[in-house]
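Working notes, beginning with the structure itself.
The values are calculated or read from the model by the stated rules, or taken from the named source; none is laboratory data. Note that this is a predicted model, so its numbers are computed, not measured. All Cβ positions, glycine included, derive from the backbone under ideal geometry; neighbour counts span all protein chains shown. All accessible areas refer to the heavy atoms of the entire protein, side chains included, with ligands and DNA or RNA removed. Shrake-Rupley method; radii C 1.70, N 1.55, O 1.52, S 1.80 Å.
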Amino acid sequence: MANESNPDQQPGANQQSGAQVRPPNGAPGHGVRTANDHETAPDHPAFSGKGAVVGTIVVLIAIVGLAVYGIWKRHHNDDVLADTTQRLAAPSVILISPQPGAPVDSLVLPGNVTAFTDAPIYARTSGYLTKWYYDIGTHVKKGALLAEIATPELDQQLAQAQADLATAQATYNNARTQADRYQDLVKSDAVSKQDTDTYINQAASTSAAVRSAQANVQRLKELQAFEKVYAPFDGVVTARGTDIGQLISAGGGMELFHMQALETLRVYTNVPQLYTQSIKRGEKIDLSFPEHPGRMFQGTLVRTADAIDPTNRTLLVEIDVDNRKGELMPGSLAQVHFKTTQVGKTFIVPVSALMFRHEGLRVATVIDGDTAHLVPIIIGQDNGATVEVVSGLSADDRVIQDPPDSLIEGEKVAVQRPNTPANKAPGGK
């Protein structure tokens with residue numbers, strides 16, 4: 001029996017305290033330890049502080065790298081978004097090449113018709129308008145009375161100035177008499193020389209006071225003369241800006257009338273630099289007007305600015321036209337027909353390519369592949385669907401066929417082919 005074979009075992013010991021621990025395979029034999037036996041921990045190398053520093057540095061480098069990558073990624077996404085937004089915002093345009101036109105021996109330019117003399121009429125004195133005599137459209141002669149202004153304050157100022165003048169004259173007369181008397185008495189030593197000089201100086205000062213009072217009276221009389229408003233030249237009253245009872249202020253605050261001399265009209269136009277040598281002073285120029293279809297009026301080129309305008313490279317010229325019959329009106333648009341020599345090249349572009357800006361007529365072109373450039377042009381013949389460009393374009397220019405009205409200088413555009421779907425969409429360029 002097991003207990004008898006092991007005499008060293010204590011009687012009564014429980015099974016747990018004397019239990020034998022077998023190997024995992026359950027085989028008995030040597031190497032069997034009891035549960036109370038203790039194993040010694042294996043030996044490990046001592047923990048190094050240098051290794052901890054290296055590990056910390058590696059972790060920090062990893063954190064910094066992740067942060068830098070995150071920042072770079074955000075900036076990259078922002079750049080991509082901005083580039084995409086700008087690219088999508090750029091208007092789509094179709095480009096065409098200007099077609100060469102026939103050489104020109106005539107030039108038709110728009111002209112502005114103005115009155116030979118044009119003047120607003122203002123009041124020179126303040127008061128109330130009591131009468132006006134001529135309304136718009138009335139032909140008046142130079143010196144005709146246009147209106148009358150009541151100026152009671154000015155009238156009283158004139159009366160006061162005249163009274164001051166009378167006082168100054170009386171004082172001067174008294175001083176002059178005293179001075180003459182003392183000059184006679186001083187010869188016989190009846191009065192002192194000092195008193196004589198005093199009265200002479202008083203006479204001189206009072207004489208100056210009289211001249212000052214006279215000037216003040218004359219000034220007020222001239223202002224009083226402005227109570228009546230007269231026509232400064234022969235012409236037509238084209239505007240009336242006042243009525244009876246209205247308060248009138250002196251100066252340019254309110255225009256009473258507007259007059260224009262219409263017997264001769266001035267027509268101003270700008271001739272391109274290329275054709276300035278073809279025009280001469282004194283030559284006859286044909287003019288046409290939309291309100292007179294099929295009819296030509298003749299004017300005379302009387303003067304030029306003798307200087308090229310650097311903004312549009314044109315020469316300002318003036319053409320005078322006889323209007324004694326009153327058939328033409330200032331402010332209208334004229335077509336000025338010049339005879340020129342055959343110089344330069346012309347190009348044909350569609351009317352849809354024209355841009356009407358306050359600076360003048362423009363054509364939009366594309367430079368540097370995607371940048372809009374607005375070119376000032378001068379047109380010749382207008383055929384309805386196309387126009388002839390006599391100045392401003394070259395054969396190498398790429399013209400935008402139908403530019404957006406909002407297109408500005410330097411704006412980025414997206415060039416599309418004529419057969420792309422974007423151009424077939426409604427409203428697409």
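Do the conditions hold for A250, that is, is it crowded, with 16+ Cβ neighbours inside 10 Å and at pLDDT 90 or above?
no
Return the residues of the stretch 320-350 that are under 23 Å from R281 (Cα atoms), part of a strand (DSSP E or B), open to solvent by less than 40 Å² (accessible area, probe 1.4 Å) and out of contact with any Gly (no Cβ under 9 Å at 6 or more places or on another chain); say none if nothing qualifies.
The answer is F338, and nothing else.
Of all residues being touching a Phe, Trp or Tyr at 6+ places or on another chain (Cβ under 9 Å) and more than 12 Å from V336 (Cα to Cα) in the stretch 294-319, which is surrounded by the fewest Cβ atoms within 10 Å (Cβ to Cβ)? Just the residue, please.
R295
Among V108, V104, V113, which is the only one that is at pLDDT 95 or above and either open to solvent by less than 70 Å² (accessible area, probe 1.4 Å) or touching a Ser or Thr at 6+ places or on another chain (Cβ under 9 Å) (or both)?
Exactly one residue qualifies, and that residue is V113.
Working carefully through the options E255, E291, find the one that is of a type in the set (D, E) and surrounded by 12 or more Cβ atoms within 10 Å (Cβ to Cβ).
It is E255.
Go through the residues of the stretch 56-64 one by one and say whether even a single one is closer than 30 Å to I279 by Cα and modelled with pLDDT under 85.
The answer is no, given that none of the residues of the stretch 56-64 is closer than 30 Å to I279 by Cα and modelled with pLDDT under 85.
State whether one or more residues within the stretch 127-141 are part of a loop (DSSP other than H, G, I, E, B), of a type in the set (V, I, T) and open to solvent by 50 Å² or more (accessible area, probe 1.4 Å).
yes
I'd like to know if the stretch 104-123 contains one or more residues that are in contact with a Leu (Cβ under 6 Å, 6 or more places away or on another chain), in contact (Cβ under 8 Å) with a residue 60 or more places away in the chain and polar (S, T, N, Q).
no
Among the residues of the stretch 382-420, write down those that are more than 31 Å from the chain's Cα centre (by Cα) and either at pLDDT below 85 or open to solvent by less than 40 Å² (accessible area, probe 1.4 Å) (or both).
Matches in the stretch 382-420: N383, G384, Q416, R417, P418, N419, T420.
What about N423, is it loosely packed, with under 12 Cβ neighbours inside 10 Å and either outside any loop (DSSP other than H, G, I, E, B) or at pLDDT below 60 (or both)?
The answer is no for N423.
How many residues are open to solvent by 20 Å² or more (accessible area, probe 1.4 Å), out of contact with any Leu (no Cβ under 9 Å at 6 or more places or on another chain) and farther than 24 Å from D105 by Cβ if we restrict to the stretch 351-370?
Total meeting the criteria: 8.
Determine whether S126 is under 60 Å from the mean Cα position of the chain (by Cα), closer than 30 Å to Q273 by Cβ and small (G, A, S).
Criteria not met by S126.
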